């Protein structure tokens, strides 16, 4: 395959960025998208030019490091797929592919296609954990969890924190990520003691960094793990409940 | 003791509970949804009331004129005339409008600042519909229309509706809708309203956290049905005027 790439290049966080065009010849359809970029980079380095910087780690769709805006879609044209699992057979010979980094004020560009997703860590720090020291793994049948609940929590826990939801959202909102993390713990018995503290703190930390949810639903098809919008409704409900419960506990007016 | 006093002072400085919720974006979405429900109920009631126009005249007065008078008489003889109309319908409705608009402004500002640098290449939207992405424009169209509509048929501003006669609802709306620019304005505004409430009637469930596998699939159906029924009902009046059914 012979492709034309239009790639966003930016030398540093504050620097002026621009699109640069590269011809990518001899691309095999069984290459992954990142392998294709590797090949382009090898040629750039051989030619004495700076390679394109992009984030990647496990390359098996589970770490959440990679993430590119490909032809205006987060993670490219294939649904429920992270960029690393996207293969070149999804494109045709002669295509022009436009590659941009995630765009959000709280995801500042580090270089080229690499963004800093530290804002997600701030949200997790606010409550995306269970505070009790648990020791070794408990006996599996000690705390019964209904199958439906376990499934729903597991579906939410599939979130890899890649940031595609923020990238795809017209509002630059982080609701799908935060809701997945809230639902994952708030649905399970182990998450109950900190349930109301967790949702209040996580939502309020999220709002310091990201926009608000207009229910466009754009995040759901962008998510490589197929996290459902239902989690956002759960988070919205739990947030209001937390406000009521924490009001009682805190003796507020 | 000192700590207790400090704690009390801290508490006094905190905003009231409901205000502190409204200050968050999620709280504003709640306010959007709840004021939206009030406005949806209003447009539904208004649409049903409009259908009196098709009942024509009865004993020398038009039924819709009697209906308009009836709204002013609501609560009589228990309450003074127009008190119920103002205290329970008009003022809460105006409050719902103001909250809805304020929350929309604040949320738009927050969303804009969440992505200061836009995408430099064209986006390919998968789920965001035309209606959801144009909420603020359809909202502005409906708001501008509302200003015209109040001046046209409620207050009767001379420049807007020169033939306005207070209390003659039927006469006023026919004389207004017989002018084609006004007719077009009404139809365009109703289409904008259709888009606006189609997204809103679904969106409010998510914002309020009303989500359950048992009824999730009915939420979209409800939005389709609500938007269709309300707008078809509203459009029936200008269409009736155009077809000379109402004249």
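Each reported figure results from applying straightforward, stated rules to the coordinates on display, with no laboratory input. Keep in mind the model is a prediction, meaning the values are calculated, not measured. A quick note on method: Cβ atoms are made from the backbone with ideal geometry, for glycine too, and the neighbour counts reach across all protein chains shown.
For this structure, a couple of remarks:
- Remark: the range A:3-111 is approximated by an ellipsoid whose semi-axes, taken from the C-alpha gyration tensor as √(5λ), come to 20, 18, 13 Å, largest first.
- Estimated FRET transfer efficiency when R0 is 30 angstrom, pair residue B:101-residue B:191 (beta carbons, to 0.05): 0.90
- Full-extension gain in nm, residue B:88 to residue B:130, via 0.36 nm per residue minus C-alpha separation: 11.6 nm
- Sorted by Cβ density within 10 Å, fewest first, the residues B:119, B:186: B:119, B:186
- Across the range A:107-237, C-alpha contacts under 8 Å between residues 6 or more apart give a mean separation that, scaled by the residue count, equals a relative contact order of 31 percent.
- Evaluated at q = 0.05, 0.08, 0.13 Å⁻¹: base-10 log I(q)/I(0), Debye formula over Cα of the protein assembly as shown: -0.28, -0.65, -1.21
- For chain B, diffusion coefficient by Stokes-Einstein and Kirkwood Rh (Cα), 10 °C, 1.306 mPa s, µm²/s: 76
- Burial ordering of A:22, B:67, fewest other beta-carbon atoms within 10 Å first: B:67, A:22
- Computed FRET value (nearest 0.05) for residue B:118 with residue A:208, which takes r as the C-beta separation and R₀ as 30 Å: 0.90
- Among A:220, A:204, the order by Cβ neighbours within 10 angstrom, fewest to most, reads A:204, A:220.
- By the helix-only formula, in which each DSSP H run with n ≥ 4 contributes -39500 (n - 2.57) and the sum is divided by residues, the protein assembly as shown has a 222 nm mean residue ellipticity of -16500 deg cm²/dmol.
- Max mean-square fluctuation residue, GNM over chain A, Cα-Cα springs under 10 Å, options A:45, A:110, A:98: A:45
- Reported value for the range A:117-250: 119 Å³ per residue, from the convex hull of its C-alpha atoms.
- Mean sequence separation of contacting Cα pairs (under 8 Å, at least six apart), scaled by the length of the range B:144-216, corresponds to a relative contact order of 17 percent.
- Approximating the spin labels as points 7 Å out from Cα along Cα→Cβ, the residue B:232-to-residue A:28 distance works out to 5.9 nm.
- In nm, spacing of pseudo-spin labels at residue B:171 and residue A:4 (7 Å Cα→C-beta vector): 6.9
- Of B:145, B:88, B:105, the one that fluctuates the most in a GNM where chain B has Cα springs shorter than 10 Å: B:88
- With all pairs of separate Cα atoms included, chain A yields a Kirkwood hydrodynamic radius of 19.7 Å.
- Protection proxy ranking of B:224-234, A:175-185, by the mean of other Cβ atoms within 10 Å over each peptide's residues and highest first, is A:175-185, B:224-234.
- Spatial offset of the range A:127-193 relative to the range B:86-148 amounts to 32 Å, using the alpha carbon center of each.
- Using a simple spin-label model with pseudo-atoms 7 Å out from Cα toward Cβ, residue A:248 and residue B:78 lie 3.3 nm apart.
- Relative contact order (%) - chain A, alpha-carbon pairs under 8 angstrom, separation at least six: 19
- Counted over chain A, the DSSP beta bridges are approximately 75% antiparallel.
- Shown is the FRET efficiency for residue A:43 and residue B:210, computed with R0 = 51 Å from the Cβ-Cβ distance and rounded to the nearest 0.05: 0.40.
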